[in-house]
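Engineer: One structure is given below, represented as C-alpha cells, and several questions about it will come after.
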Amino acid sequence: MAVEILKEKYRNKVGEVVLGATSDQGGTRSHTITVGGEEALPFLHFEGEIPNRPVLVLEVWDIVPTEWNPCFEKHYGDVWSDPAAWARKCVEEFGAEMIQIRLKSADPDLGDSSPEDCAAIVKKVLGAVGVPLIIVGCGKPEKDNLIYNPIAEAAAGENLLLGVAELENYKAVTSACMANQHNIIAQSPIDINICKQLNILIAEMSTAMANRIIVDPTIAALGYGIEYSYSIMERARNGALQGDKMLAMPMIGNVGLEAWRAKEANSPTEDEPGWGEQEERGLLWETTTAMAYLQSGIDILVMRHPEALKVIKSSIDDLMKDNS
Amino acid sequence: MGLTGLEIYRHLPKTNCKECGLPTCLAFAMALASAKASLDTCPYVTDEAKAALDSASAPPIKMVKVGVGDHIVELGEETEIFRHDKRFFHPTGIAVLISDTDDAAAKAEKFDALEFHRVGMDYITDMVAVKCDSGDAAKFKAAIEAVAGKTKKAMILLAEDPAIMEGALAVVADRKPLVYAATAENYAKMTALAKSKGCPLAVRGKSLDETAELVEKIVALDYKELVLDSGACETSKVLANLTQFRRLAVRKKYRLFGYPTIAITSKEDPREEVAQACVYLSKYADIVVLKACEKQQLLPLLSWRQNLYTDPQKPIAVEAKLYDVGTPSENSPVYVTTNFSLTYFIVEGEVESSRIPSRILSVDTNGISVLTAYADNKFSAEIIAAAIKKSGLEEKIKHRKIVIPGYVAVLKGALEEESGWEVMVGPREASGITKFSKDNFA
Amino acid sequence: MIIIGERINGMFKDIAQAIKDQNPAAVQEWARKQEHNGAHYLDINVGPSSATPIEAMKWLVEVTQEVSDLPLCLDSTKYDAIEAGLKLCKRPAMINSVPAEMAKMERVFAMAAEYGAEVVALAMNEEGIPKDADSRIALAAELVATADAFGIAPDMLYIDPLVLPCNVAQDHGPEVMRTLREIKLISDPAPKTVIGLSNVSQGTKNRELINRTFAVMAMANGLDAGIVDANDDELMAAIASARIILNMDIYCDSYVNVFIQRNR
C-alpha cells in the first residue's frame, strides 16, 4: 500500500550567511562556514534541502570564568587564563567548529579593559585558530558600544559574527559591522515581535546588513522556560518558510551559558542525591537543551561542555542523513 | 476538520434524484459538509458509504491506554503539529528497557524508584519495557514475573514470537501491557492474542507503506487498540516517519495512521541515547523506549517532556512563597517578584549569580508577569503587603527592607505605608540585579 | 490577502488612450506603482470598447512585462484574447474569469491546464448571480468538480462569490460572507476565494470606506485574494492589520510597511 506522504509547499527559505573569510577573500581563516539556507523544517530532508549542518561553537572568555561550575576546571583549567590557548584547545582537542569570544574583561566591574585591549584579544585569537569567530561584548551596552568599532576595524576582512544588537541599542554595532563588512547578532528577549522589528530596523540602516543578520531569540535553558523560546523559534521558522523574509534569518543560541545556569546542572551530587551524578547530569542538561533547539530550527549552538559538544556532533551526523 | 463536500460527493449515488430536497447530489454533499443536512434524507446511500462517512467524525488520533489503575498511561488523541497552535495533550510515555538476559528484578527495582522532584513538581518514569533477547519462553516469562513483582507501572512486552508472547501474557495480561509487536509475519496470531486479552497492540511494518498495510489488515480483524512503529531505526528516518504519522493523521485524517506511536532508541552509548530520545520526544513519539536508567540520564528527558507538554496559552506559575537562594541569614536581602515562572526563574538566576545569599518572595499574580499583573491590579501594595505578612518573613529576618522591581517603582510609597517596611526600588530588568546587589548589599 | 492590482484596465481613460496610441507610458507607470505599493498580481483588461481585443491584450502583456516581474491576471470575456496573452506570459498567469457554464468551463479549464494557469471562477451561470449562499456554494462545487476532471487542483481556482453594490443589494452581503466560509468545505485542499472589491461600493458615497470595511470582513470569513486598488493606502493598511489580527503574519511595529514591501 503506497502511503502518499505529506510534504509542505513553502514559498521561501532561510537566508544563507557565510561566516569567516579565507586569505583570497581578504581574511586569514583556514575556511569559511555557511549557515542557514533551510528549505524545510529541521531535518525534514524529504520536503526540502537542508544545505548546511548546524554549527557547533565553544565559548571562550577573556577572563578566568570563576563562576563556572568547578567541573570545567579539568577541561579548561590549563588554558583559561589565555584566551588564545583556550580557543586553540577547543578547536584542536574538542572539535569546536567555531569559537565565540565573550569579552567579559570589558565589563567595568570585571577589569574594564579598554577597547584597544579588546581588539588585541580578538587579534590574538584570530592568530591562534583558523576557524571563523563570533565576538560578543560583556553585556553592558554603554561599554560594549565603545568596543564594537575598534574590534570591527582590527578584524576588518575577517567576516566576523559580532554582537549583540538589541532593540534599544543596535546602531553602534550595526554601523561597526556595516563599515567593516562583518555579520551581526540581533538579539531579542524571547519575543518574536521584537525579533522581527529589530531585523527590520537593522535592514533599514543598511540593506546589505539584512543578509548578514543572525537572530538570537534568547534561548532559555531546559526547565527554565525552554518551551517559550522553542515555540518562538518554531513560529519564526514556520513564518520564514511561509514567506516572512524579516524572520528568515539563521538562529543562534547560547546553549551552554543558559544550561549551566540551571540548578539541575550545578547542584553537587551530595546536595541532590535524587538527581544523580552532577557532571554527567550537567552535560546532559546541556545536551538535552541543545537537542530540543535543534528540533526548533537552531543553526548555531554555542556550547560549553566538550563532552556535550561531542554528543551533539554525532547526533547532528545522524540527523543530517537523508530521510526522503 | 470533517469531510469536504467533494469527499462526501464521492460516496453519494450521483443520480440528482432531488428526493433529499436539493437540486443535485453535489448540493446535498455541500449541505452535509456544512452540517445543514443529514445523510438519512438520501434514500439511496449505501451502507458502505454510511460507514465511511461516519468514521470521519472520529478524532484524528485515537486514544490508547496502557496499564491499569493509578498507573494507566494515556496515549494519543493529539490534534496539533505544533504546540504553539494549541497544545500537546498526552505526554509521551517514557519507558526504560529491561532485557530478559539482565538481572530483571534488580533493574526493575531501580526503575521503580526513579522519581524526581524539581521546581515543585514530581516527574515519573511511567513505563517499563521488557524485551525477549534470550529467545527462551521460560526465561522471558520469568523476567516478566520478576519485573511485575517489583513495579506496578505500565508495561511493554517485546517479543516477536506469538508463543513466547502468549506465555508472558498468561502472567501479566491483567496489567494491560502493550504487546510489541505485530509484524507482517505474525500479525494474525498477535492480533488474536492481544484482542483476546484486551491488551493494546503495537504494529511494526518495515516502512510507512507496510505499516499502513498491516494496520488495515488488523483493523479488518476488528482490533483498533493500536500503537504504530514504522520499523525505522536511524534517527533521521524515525523523525521523518513520526512526522508523517502525525501530519497525515491530523491534517489528512488518514485513518490508518490515526493511532499513537512508539519509537525505540538504537544507540548504545547512554548520552547518545538520551540525545536520540530527545528527538523522538520533541517530534511526536507517544512512547519512547530507552535503555538508559540512571537518574542523571532521565532527569533531563523528563524535564523536557514536562516543558513540552505545558499549555502555551496558560502562563505557568511557580508556587507563590518565600524562596531561599543560597543559604540566606537573618540579614540577607529580600526581593519581591510575581509567580510567573519565567519571571521568577530569571530573577532567581540573576540573584544566584550575584553570589549574595538572598530570599525571593514570589507573589501570587496568577502566573502573570510584573507589568501585566500591575496593570491588572494583581501586584498592588495591598497584595504585596499581605504576601509579606503571610510569608513569615518577619520571623526570619531582622531588617525590614524589601526590593521591588523597577517597573513598579510607583508602588514604593503605598507599599511602605501598607507594610511598614522600607521599600527599595530595584532595577527594571533582572539583568541589573547583579550590579544592584553589589552596590547595595555587598 | 493576495493583492491583484486592478488599475491596468481599458475601462480607465488613461489606459484606453494608451492602448489607442500604443503609448506604454501610462500602463508601465501603473504597473510600477501597483508593484511598489504591494500588489502580488497585475490585472490586465483591455476594456469594454476595444475593437481589437486580441492585439490589445498582447500589447498590454508585453509592455507590462517590460517593467514588472509580477504574474499577470488576464481579464477578459473573450477567451481568444486571454489565450493570446497566456502565450506571452513569462510567469504562470491567472485567467479571469469563467462562470459555471459547461461550454465556457471546458474552454477555460483546458486552456488553464495547458498553460499551468490559475483561474478566477465565478459563482454564477446562465441564470445569473444567485442570491443565496447555498446556490453560490453549489455552483462553486460544480466549478471545482469540473476543474478536477481537467486535472486542475482545487487550489488553482479562485472562486469569486460575486458581490453586488451594497446600496442596491444589501441582502447579498451576509450571503457572500457565508459563501466565503463554506467554499472551504468543498475540497481538501480547498479552492481559494477572490472578490472584485470595488463592486461592493459602486454608486455609493464613501466608496473607499466601504471597500476596506468589506475587505477586512471578507478576510475574517476566509477571503484569500482581492482585485483591488493597490494604491489605496488606507485599504492596504487595513488589509495588513487584518492579517495581523487573523494571525496570518507575525506582528512587529513596522507591520504595514512589511506587508507592502514584501515583494521588494
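The values are calculated or read from the model by the stated rules, or taken from the named source; none is laboratory data. Small disclaimer: the values here were computed from a predicted structure and weren't measured. Neighbour counts are summed over all protein chains in view; Cβ atoms, including those assigned to glycine, are modelled from backbone coordinates with ideal geometry. Surface accessibility is based on the protein's heavy atoms, side chains included, excluding ligands, DNA and RNA. Shrake-Rupley method; radii C 1.70, N 1.55, O 1.52, S 1.80 Å.
Engineer: Calculate what fraction, in whole %, of the accessible area of chain A sits on carbon and sulfur atoms when a 1.4 Å probe is rolled over the protein chains.
Structural biologist: Whole-percent figure for carbon plus sulfur exposure: 49.
Engineer: Further, regarding this structure: Step through the residues of region C:92-99 one at a time and calculate ³J(HN,Hα) from phi using the Karplus curve (6.51 cos²θ - 1.76 cosθ + 1.60, θ = phi - 60°), rounding each to whole Hz and writing x for Gly and Pro.
Structural biologist: Those phi angles translate into x, 9, 10, 9, 10, 7, 9, x Hz.
Engineer: Tell me which residues come under 5 Å, amide H to amide H, from B:A202 once H is placed; ignore anything under 5 positions away on its chain.
Structural biologist: Distant-sequence amide H within range of B:A202: B:V179, B:Y180, B:A182, B:V227.
Engineer: Can I ask one more? Per-residue ellipticity at 222 nm for chain C, helices alone: DSSP H runs ≥ 4 residues times -39500 (n - 2.57), over residue total, nearest 500 deg cm²/dmol?
Structural biologist: Calculated at 222 nm, the ellipticity per residue is -14500 deg cm²/dmol.
Engineer: Still on this structure: Suppose only helical runs count, i.e. DSSP H with n ≥ 4. What mean residue ellipticity at 222 nm does that imply for chain B under -39500 (n - 2.57) per run, divided by all residues and rounded to the nearest 500 deg cm²/dmol?
Structural biologist: -12000 deg cm²/dmol
Engineer: Which whole-number percent is the relative contact order of chain A (Cα, under 8 Å, 6+ apart)?
Structural biologist: Over chain A, the number comes to 20 percent.
Engineer: Additional query: Please say if chain B is rounded, prolate or oblate, where rounded means a/c under 1.5 for a ≥ b ≥ c the square roots of the C-alpha gyration tensor eigenvalues, and otherwise the choice is prolate for a/b larger than b/c and oblate otherwise?
Structural biologist: oblate
Engineer: Let me ask something else. Could you work out [θ]222 nm for chain A from helices alone, using -39500 (n - 2.57) per DSSP H run of at least four and dividing by all its residues? Round to the nearest 500 deg cm²/dmol.
Structural biologist: -11500 deg cm²/dmol
Engineer: Quote the total accessible area buried by chains B and A together, excluding ligands, DNA and RNA, probe 1.4 Å, nearest 100 Å².
Structural biologist: Buried surface at the B/A interface: approximately 5000 Å².
Engineer: Could you calculate the contour length gain from B:S196 to B:R10, that is, 0.36 nm times the residue separation minus the distance between their Cα atoms, to one decimal place in nm?
Structural biologist: Length difference between fully extended and current span is 63.3 nm.
Engineer: Under 5 Å between amide hydrogens, which residues at least 5 positions from B:R428 or on another chain qualify, with H placed 1.01 Å from N in the peptide plane?
Structural biologist: Amide H neighbours of B:R428: B:G406.
Engineer: Net charge around A:Q295, counting only other residues with Cβ within less than 14 Å of its Cβ (Lys, Arg = +1; Asp, Glu = -1)?
Structural biologist: It works out to a net charge of +1.
Engineer: What are the residues whose amide H is under 5 Å from the amide H of B:A317, where those residues sit 5 or more places off or on another chain and H is modelled from the backbone?
Structural biologist: Here the answer is B:S341, since their amide H atoms fall under 5 Å of that of B:A317.
Engineer: Relative to 2.2 N^0.38 Å, what does the C-alpha radius of gyration of region A:18-319 come to as a ratio? Two decimals please.
Structural biologist: Its radius of gyration relative to the 2.2 N^0.38 Å reference: 0.94.
Engineer: Given Cα pairs under 8 Å that are at least 6 residues apart, what percent is the relative contact order of region C:122-229?
Structural biologist: Relative contact order comes out at 27 percent.
Engineer: Tell me, what HN-Hα J-couplings in whole Hz come from the Karplus equation 6.51 cos²θ - 1.76 cosθ + 1.60 at θ = phi - 60° for each residue of region B:11-22, using x for Gly and Pro?
Structural biologist: So the Karplus estimates, Gly and Pro as x, are 8, 8, x, 6, 9, 6, 6, 6, 5, 7, x, 10 Hz.
Engineer: So if we plug the beta-carbon distance of C:R91 and C:K131 into 1/(1 + (r/R0)^6) with R0 = 25 Å, what FRET efficiency do we get, rounded to 0.05?
Structural biologist: The calculated FRET efficiency here is 0.10.
Engineer: Can I ask one more? Could you let me know the centre-to-centre spacing of region B:113-180 and region C:100-133, using Cα atoms, in angstrom?
Structural biologist: Cα centroid to Cα centroid, the span is 62 Å.
Engineer: PRE reach from A:R53 (point 7 Å along Cα→Cβ): which of region A:276-311 fall under 18 Å by backbone N?
Structural biologist: A:287, A:290-295, A:297-311
Engineer: Tell me the label-point distance for the pair C:A169, B:L371, using the 7 Å Cα-to-Cβ offset, in nm and rounded to one decimal.
Structural biologist: 4.9
Engineer: Say R0 is 45 Å: what FRET efficiency, to the nearest 0.05, do A:E39 and B:E429 get from their beta-carbon distance?
Structural biologist: Efficiency, rounded to the nearest 0.05: 0.75.
Engineer: What does the average come to when, for each residue of peptide B:245-252, you count the partner chain Cβ atoms lying within 10 Å of its Cβ?
Structural biologist: 2
Engineer: If you don't mind, another one. How much length is gained on full extension from B:N331 to B:K139, taking 0.36 nm per residue of separation minus their Cα-Cα distance?
Structural biologist: Taking 0.36 nm per residue and subtracting the Cα distance, the gain is 62.8 nm.
Engineer: With the other protein chains left in place, how much accessible area per residue, in square angstrom, belongs to region C:31-109 at a 1.4 angstrom probe?
Structural biologist: Heavy-atom SASA per residue in region C:31-109 reads 41 Å².
Engineer: Do the alpha carbons of any pairs in A:K310/B:K141; B:K139/B:K195; B:K150/B:K237; B:K110/B:K189; A:K13/A:K321; B:K378/B:K438 sit beyond 28 Å of each other, and which pairs?
Structural biologist: Beyond 28 Å between Cα atoms: A:K310/B:K141; B:K150/B:K237; B:K110/B:K189; B:K378/B:K438.
Engineer: Which is farthest toward the positive dipole end of region C:122-229 among C:N167, C:T179, C:P189, measuring Cα position about the Cα centre, with Cβ charges +1 (Lys, Arg) and -1 (Asp, Glu)?
Structural biologist: Positive-most Cα among the choices belongs to C:N167.
Engineer: Taking each residue in A:172-178, count the Cβ atoms of any other chain within 10 Å of its Cβ, then average. What number comes out?
Structural biologist: 0
Engineer: In percent, what relative contact order does chain B have, based on Cα pairs under 8 Å that are 6 or more apart in sequence?
Structural biologist: Relative contact order for chain B comes out at 11 percent.
Engineer: Measure nothing fancy, just the Cα-based angle from helix B:270-282's long axis to the longest principal axis of chain B, in degrees from 0 to 90, nearest 10.
Structural biologist: Roughly 80 degrees between the two axes.
Engineer: Using a 1.4 Å probe and counting only protein heavy atoms, arrange A:R304, C:R107 so the residue with the most accessible area comes first.
Structural biologist: Per-residue accessible area, sorted high to low, gives C:R107, A:R304.
Engineer: Mind checking how much accessible area C and A bury in total, 1.4 Å probe, in Å² rounded to 100?
Structural biologist: That pair hides around 900 Å² of surface in total.
Engineer: Related question: Cα-based Rg (one decimal) and Dmax (whole number) for region B:298-406, in Å?
Structural biologist: Answer for region B:298-406, Rg first and Dmax second: 14.7, 43 Å.
Engineer: At 7 Å along Cα-to-Cβ for each site, give me the label-to-label distance between A:A172 and C:D155 in nm.
Structural biologist: 4.8
Engineer: Computed FRET efficiency, Cβ-Cβ of B:K217 and C:R181, R0 56 Å: what is it to the nearest 0.05?
Structural biologist: 0.90
Engineer: Which net charge results for the neighbourhood of B:W421, defined as the other residues with beta-carbon distances under 11 angstrom from its beta-carbon, given Lys and Arg at +1 and Asp and Glu at -1?
Structural biologist: For residues surrounding B:W421, the net value is -1.
Engineer: Heavy-atom accessible area per residue, region A:1-81, 1.4 Å probe: how many Å²?
Structural biologist: Result: 46 Å² per residue.
Engineer: Can you list the HN-Hα couplings for region B:68-81, worked out from phi with the Karplus curve (6.51, -1.76, 1.60; θ = phi - 60°), rounded to whole Hz and with x for Gly and Pro?
Structural biologist: Rounded to whole hertz, the list is 9, x, 6, 10, 5, 10, 9, 10, x, 6, 7, 10, 10, 9.
Engineer: Then there's this: Modelling each spin label as a point 7 Å along the Cα-to-Cβ direction, I'd like the C:Q22/B:A184 distance in nm, to one decimal.
Structural biologist: 6.9
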